[in-house]
Every structure is written in C-alpha cells, then in structure tokens.
1. Out of curiosity, is B:Thr140 out of contact with any Gly (no Cβ under 8 Å at 6 or more places or on another chain), on the phi > 0 side of the Ramachandran plot, away from chain A (no Cβ under 14 Å) and in contact (Cβ under 8 Å) with a residue 40 or more places away in the chain?
2. Consider B:Leu59 carefully, then state whether it is over 30 Å from B:Met348 (Cα atoms) and either open to solvent by 30 Å² or more (accessible area, probe 1.4 Å) or over 28 Å from the mean Cα position of the chain (by Cα) (or both).
3. Identify all residues within segment B:229-260 that are in contact with a Lys or Arg (Cβ under 8 Å, 6 or more places away or on another chain) and among the charged types (D, E, K, R); write none if there are none.
4. When you go through A:Gly303, A:Gly277, A:Gly291 one by one, which is the residue that is facing another protein chain (nearest Cβ under 9 Å), open to solvent by less than 30 Å² (accessible area, probe 1.4 Å), of a type outside the set (D, E, K, R) and touching a strand residue (DSSP E or B) at 6+ places or on another chain (Cβ under 6 Å)?
5. Name the strands (runs of 3 or more DSSP E) wholly within segment B:249-349 that hold at least 3 residues that are open to solvent by less than 50 Å² (accessible area, probe 1.4 Å) and modelled with pLDDT of 90 or more?
6. Considering only residues that are small (Gly, Ala, Ser) and assigned to a loop (DSSP other than H, G, I, E, B), look in segment B:72-115 and name the one that is nearest to B:Asp271 (Cα to Cα).
7. Which of the residues that make up segment A:154-168 are buried (at least 20 other Cβ atoms within 10 Å of the Cβ) and of a type in the set (Val, Ile, Thr)?
8. Could you tell me how many of the residues in segment A:211-237 are touching a Cys at 6+ places or on another chain (Cβ under 7 Å) and surrounded by fewer than 16 Cβ atoms within 10 Å (Cβ to Cβ)?
Amino acid sequence: MPRTTTLVCPGCPPFRALTFDSLGLIKAVEVRDKQRGVPQVVERWGDPQSSKSFIAVSMIDRNSNPLLAVARKNGQIEVLSPVNGDIQASISNADGLDIPSQENDVTGLHLFTKQNLESDSRDCTLLTCTTKGNASIRSIELADSSTGSSCIGSSKTWNVCSGGNILCSKVDGNEKFALFGGKGVEINIWDLDNLTKIWTSKSPPKDSLGIFTPTWFTSATFLKKDDHRKFVGGTNSHQVRLYDISAQRRPVLSFDFRETPIKALAADIDGYSIYIGNGSGDMASVDTRTGKMVGCFTGKCSGSIRSIVRHPELPVVASCGLDGYLRLWDTNTRQLLSAVFLKQHILHVLFDSSFNVEGMDLLPSKEQTPTEIIVTEEVEASPLKRKNSSKNKENILDGSERKKKSKTSKERKKSEENGAHEKTASRDERSKAASKKRNKNSNQGL
Amino acid sequence: MGGKRKKNDESGNDEVEEETRSSKKKMRTEKKEQLRPSTIKNKEKRSEVHAKLKRQKKLEKRAKAKARDAAEKRALELGEEPPAKKVPRTIENTRELDETVCKPDDEELFAGNDADEFSSILNRHHTPKILITTCRFNSTRGPAFISELLSVIPNAHYFKRGTYDLKKIVEYANNKDFTSIIVVHTNRREPDALLIIGLPDGPTAHFKLSNLVLRKDIKAHGNPTSHKPELVLNNFTTRLGHRIGRLIQSLFPQDPEFKGRRVVTFHNQRDFIFFRHHRYIFETKEVKKTESKGKKDKDGNSENVPENKTIARLQECGPRFTLKLISLQHGTFDTKGGEYEWVHKPEMDTSRRRFFL
C-alpha cells in the first residue's frame, strides 16, 4: 500500500499568538482546547496591501491593558490593542520626508513597559531605530478611540552609528540598555537613561589566511532577562557569537551553524540555551555554556526562518518564516507540536501570554509567587508525560501491532470463507465453474 | 498487495458480478495459500507453475472485461445509466492532502498576487526583457540550446558570460532594464541546470534540467515563427507552484499573437515541469472518420457527433526538456547570504505521493 506521511502532531497547550505577514495582515492564532488542541486562526486584522508590510513589532505582554506596536514599510508606526486589533495611535516615522525610503525603515522598535506604569496609563513610550541608525525615544499619547489623533510628546533622538545599516536592535529586560548591530556595524550597547554608548564589540581577528570577514550582524538577543551583560549575536556569515561585556570585547564563544545566514535568534527562559534559525529553514537549540548543539528541530521546514519566540511560561517555542507556516515546537523534546499554514510570508510572531481559556484555571502570570509557579510546572509536566505515553502507544500501533491486527482479521476472513466452501475440490475446477457461471450470467444479461 | 488492489477495483461493481465475487474470493484465498512460484527452486517446475498462474490471470481478466462490457450493453438496452467508468488510481489522484493548494476564492491569494514581484509585468505595465547567459564554460549542446531558447522566448538577448560574477551581471541587467535573467548551466558539455532570476528584486529559481532534446533531434519537427507565443501552464496548484508559474509567466509577453499559432507549454506533473513547444493548426475532419472513432471510444454515443468536427493538429518544434525545482530563493542570486523561500531537503521526501508544486 502507498507509503504516506502521517502527520503526528500531538497538539499544543492553550496559547494565543499573533503573526505579522508580508501583506500587512495580523492574524491571531489560538488554541482553545485544554487537551492538546489544534491551533486555528481566530482573527485577522488589516487589509492586504504590500506597502503595509511589517518591519518591526513589539508588545507589552501583561494582563491589564496590553499594547502592541508595529512599524510598517510605508513609514507608519501604529500602536494597537493586541486583544481586538483597534488602532490606538498612529504616527508617521518619516519626519519631514514624504517618501518612505529604505533608509527610513524602522528596523528596531520597542515599547517600554516600565515608564508606562509610572506615568499616566494613556501614554506609551517607544524606542525606534531606523536603518541608518537614527534612534529615538518618544512618548505617544494614546487616542481614546480609533480616530488616530495622537500627539508626540517628549522625544529624544540620537545617532547610533555613523555608517552601515542597523539590522537588529534589542532592549534588555530592565529596559535600561539597548543593543544595536547590523551590516557594517559592530554591536554596541547604549545606556538609555543617559544616552551614552557604554560598550562596543570588536570584530574577530583575521583568520590564518589573512581573510577578514566583514561585520554583518543579522540578529541578536540578550541571554537573560535581568542581565544586560551577556548577549548573543548571529551574523550573515552563519556564525553565532556570545559576548560578555564584563569579560572582553571580542566574543567569548563563537561557532558556525550550517551554511546560510543566521536569521533569527531567541533566548530560552532558563538563561543559557538559545534557539537559532537560519536562511534555509534549519532550526536548532544550542547550550551557550558549552557551545554545543543540543539538537535540531526537524519538521520539513523549507523556508527561511524570520522569527523565533519562546513562550514565557509554557514549554513551547514558535517559529515562522518565508514558507508561510507558523510552527510550534516542544522545547524539551524538540518535537513539532503543530503547524499552521497562514498563506503569506510571515515576518514576525509574538505570544500573548495573558491569554487564558474561559473556564480553565488561570495561568499564572509573571508577578505571581514562586509556589504557584511550581504548581504550573507540574501542570506543564503532566501533559508532557501524557503525550509521551500516547506517542509510545501510537508507535506501537503504527508498527507491529497494527499489522498484526490486520493479519488476524485477514486470517479470520479466510477461515470463514474456507469454512463456507470446504466442499469444493481443487481450485482450478472451481475457477472454471466460476467463469462458466459468469458467462452464463452475462448471457442472461444479454 | 495485489489482492487488496483487486478488492478495491471490485468494490464498485453491480449485481452481475455479485455472484462471481464470492467465488473469486475463494480463489484468491486459495491462491494465497499456495506457495508462490518464486519460492520453487526447480526451474522447470517454477516456470510451469508460473505459466499456469499467468494463464489463469489472463482468463480472469478477460472474463471480467467481458462481464463489464455485457453490463454496459444491457444498461444501454434498458435505457439506464451505464455503470460508471472506473478511474484507475494513480499517484496524482491519490496525492497526499496539501493545505497549501490554492483555492479559487482566496482573497489573500489575489492580494498577494497584486503585491508580488511579477505583477507589473503580468499587468502589462512592463514588457519582459530577458537576458540569457551561460556558465563560464560552455560548449556543444549549450549554445545550440541557447539559440533555441532565443527563438522560443521573444525579446531575449544572449550575452557572453565571460568571467563576470553573476552578481555583477544582475547589477548590469538591472541598469539596462531587463526583467529576468536566465542562466544555462552546463556540466560535461551538457546543459544540466537552469537559473531564472527575476529582476529587480524578484526571486531566484534554481531548476535541474534533464532530458534535453534539441530541435534537430525531434522527428518531423517544425520551425517556429517569430510571433509571440501562447503560454500554457498546467497543474501549478500550490502556493509554491503558483509562484513558480508566475515566475515562468513573467518570461513571456502577455499579449500572444494568435495568428502565429504557436504554443509553449509548461506542464507540471509530480513536481517535474515538462517544457514543450508546438505549432498547431485547426482542421475540419470528415464525418465518417469521426463516427468510427467515436464508436470505438464511447459505443453508442456516436449519433450525436456533428457533421464536421474540428480537430487540432500539433507539430512539435523547439527544444524539449524537463525541469525540476531545487530551490527558490528570496531576492536575487546570492548563494552566501541568500534566504530561501523553499529549498528541497531530503527529510521532506517522506512519500511518493507528496508534491510541492
């Protein structure tokens, strides 16, 4: 019988994720089922238009009043509500310049959580950085409804680099420091309170042949939430480098990953392992303490990975990219939990951790006490176990047992038939008789 | 395996074979019990058993066909609907379910089409202008193939590769307003790969090229005229296939001259894209011939055949080759820093019934 691929997708724990695609559509993907559900697209916001394609996204992920900021290709920066997709503020990034050009693309975007809490809740503060390296911190007053009237409050602008293109920027967990890096720009770290550059990385020395690989950072991420000193950068020459500010300016650790440029990096919540995605759709997790690869995520992923996001609580990591799939992986087993086809090139994905299913126990948020977190870990662990056991069962079923079953059923059939026609002698005679019978029948039919 | 297949074939039968089925089942079970001829070591004995089995199979088949014909005839006499023709199971129609297959009512697909790199050419805002070049070493079949490609694709220009980098050529072509670049890669004096680069920022498709037959090797071939050809793109169903189809479509002018009666076909079957180039002509045929033909095909339906029937006659001209997609790269040619939209990986070959185009 035909050999077919049975998609063994164990399903996902309940979550909500937002995907941002190349046509400027935001799609909300949810799993509502408590028991290993299949993710589905529940909402779609925006009109399909190529000029509204996303470049950078950022979200304040919290239970009350979450906010989402997106930077589009046409120079617009919008602040939305991740719950219902209402536009709360919209500003044009092209200051004075009417034509949105490549240089004015906002490649880095960050919504500050901290300042938002201190001041009026109707305000939000944004860090933006264009390709040319013009970074600015602005605060935007949110409009009451989707009228779009918003005024830009205080604004601080500075230049991050003198030449080259900024391709990646990140803000650390305490929102005091930001890193910028890109094509021809070494990673530099800025103190956001004083707007001073505190550290710049140094390119690795020439190799034994005297060849110098040009600086081209494509992605970067901080390793820990509360530590700005350690971070990882991925380069276009498929190298992953670990930097430690307190140690040295050259990378503490660097290793190659496959043959295509590193396109996405994400840190795990444990603080040492990272997830790497590259331009040909390979994804792996690496332990930065040793620099050894823990394992690859294999799941027929054929397009470049643009974004990897770790769920803040559940053991789930999401990846998306140019093949139009949102894939969800188990972080422990590195098994594909499920894949959703979303039609366009997906440029970004974000988890909305405040999502919880009606009727089910509230998923604990970050603010809760450690005792409750332990409880959640148990909750997390139990479905895993269940899944493993079910998988084993499936394997058995897939393998010998199913065959056995089919065999036994066949044999039973045979025996029944034999019992019914035991009196018939040799097979040849019988076939002759049968053919005669058939002929007779056909004659009758005529 | 064979037994199971037969069972499936029989499942759609009518009452005439109802009786025979049970007897057949008996036969089949007994056949299973009997040892297979391949296990017999004595050659004479083996061939004897084998011949016997073969003859039996033949008889069975003939009887089945006869019964089928009889049933059809009877149904016709009674004025009933003839039993439905059974469709053989092929790899294509048992294809694995693919969620990326384009649906006709998908508005995101059309929006995506409007936004993609080829829309300006396909909406006739730009006329395609093709640059054809080769790899650095090029001899015998390569130039011959290129000269035929030049005759197939209108507004195509051949440039010697020289020692230029492909990235330099892409830059040059961008400045000269070319819309696509085709690179014919030759290995051991035989063209073996085709690279189609969309310009200015379109994707780069890398194809394996095989089974190349040049025009002069095709029996009774025609010589194409310089009219703009019509284009037939078959079976590009999935998202990826759709994109490849549009990439190919953007090589040809969008206003075919039907006067030229020239047609270029890209037929996708099981992820292989077959290229054919034909001239066609419509001819009216006599009644007699069509009737006899019709009778052969559909039995009694021949009464409805019109007096004169127009048929299309084809004459093949131009090269004949097969393409297979290896990778589709986002952006123009860049092997080191390129991002792939699709790249074939061995882990994807899990089934013979899984296709990507």
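The values are calculated or read from the model by the stated rules, or taken from the named source; none is laboratory data. All of these numbers come straight from a predicted model, not from anything done at the bench. Counting neighbours? That spans all protein chains shown, and the Cβs are built from the backbone with ideal geometry, glycine included. Areas reflect the complete protein model, heavy atoms only, side chains present, ligands, DNA and RNA absent. Shrake-Rupley method; radii C 1.70, N 1.55, O 1.52, S 1.80 Å.
1. Yes, satisfied.
2. yes
3. Once the filter is applied, which keeps residues that are in contact with a Lys or Arg (Cβ under 8 Å, 6 or more places away or on another chain) and among the charged types (D, E, K, R), segment B:229-260 yields B:Glu230, B:Arg239, B:Asp255, B:Glu257.
4. None of the others qualify; the one that does is A:Gly303.
5. B:262-269, B:272-285, B:320-330, B:339-343
6. So, considering only residues that are small (Gly, Ala, Ser) and assigned to a loop (DSSP other than H, G, I, E, B), the one nearest to B:Asp271 (Cα to Cα) is B:Ala84.
7. If the condition is that a residue be buried (at least 20 other Cβ atoms within 10 Å of the Cβ) and of a type in the set (Val, Ile, Thr), then A:Val160, A:Ile166 are the ones that fit.
8. So the answer is 0.
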